[in-house]
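Visitor: Have a look at the structure that comes next, please.
Each value in this text was obtained by applying a stated rule to the coordinates, not by laboratory testing. Note that the coordinates shown come from a computational prediction; the quantities given were computed from them, not determined experimentally. So basically every Cβ, Gly included, is an ideal-geometry build from the backbone, and we count neighbours across all protein chains shown.
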Amino acid sequence: MNEHAERTKAQPVEWICRHPTCVGEDGQPFKFTSDYPTCPKCSQTLPIVQLLALVHLIVPSLDGPLQGKNYKFFIACDPKRDYTATTKNREAASNRTSVINCPGCMKWLRDNNLSTIQDTTLLPVGS
Ligand SMILES: [Zn+2]
Ligand SMILES: [Zn+2]
């Protein structure tokens, strides 16, 4: 069973190396993109290397495929997708642009010349 089977195929898989001496240029735990959980710096693998949660941007919308509490929404990098996070795919979604790290969603923001999606832009369903 592939525990990442539900993870989007559209974005690269990012890993974080938790080996104490393995840090990136920013002094934070080293992160890398790979199909395999093997650190290119220190050669550690699972469970020292962990899958990094992918945080997507959710965009309020009148006809998005996802139902929020007061509004519908879609995932910026995959507007047709009808689920957000699951316990298995280590994906999350937020409307706070400061916490998203999905390359596809960040590209969507740039393409739409947006820097933030404010709560005040939420569009109530049916209005
Ligand atoms: Zn490492
Ligand atoms: Zn995304």
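Visitor: What pairs can you find where one residue is in region 30-48 and within 10 Å of Arg18 (Cα to Cα), the other is part of a loop (DSSP other than H, G, I, E, B) and within 16 Å of ligand 2 (Cβ to nearest atom), and their Cβ atoms are less than 9 Å apart, with a gap of 6+ or different chains?
Guide: Lys31/Leu52
Visitor: Given the conditions (1) within 21 Å of Ser94 (Cα to Cα); (2) exposed (fewer than 13 other Cβ atoms within 10 Å of the Cβ), and given that Gly68 satisfies all but one, which numbered condition is not satisfied?
Guide: (2)
Quick grid of which residues meet (1) within 16 Å of ligand 1 (Cβ to nearest atom); (2) surrounded by 13 or more Cβ atoms within 10 Å (Cβ to Cβ); (3) over 13 Å from the mean Cα position of the chain (by Cα):
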position	(1), (2), (3)
Pro20	yes, no, yes
Glu25	yes, no, yes
Pro29	yes, yes, yes
Lys41	yes, yes, yes
Ser61	no, yes, yes
Cys77	no, yes, no
Arg96	no, yes, no
Ile100	no, yes, no
Pro103	no, yes, no
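Visitor: Among the residues in region 87-110, are any small (Gly, Ala, Ser), touching a helix residue (DSSP H, G or I) at 6+ places or on another chain (Cβ under 8 Å) and not in a strand (DSSP E or B)?
Guide: Checked region 87-110: no residue is small (Gly, Ala, Ser), touching a helix residue (DSSP H, G or I) at 6+ places or on another chain (Cβ under 8 Å) and not in a strand (DSSP E or B).
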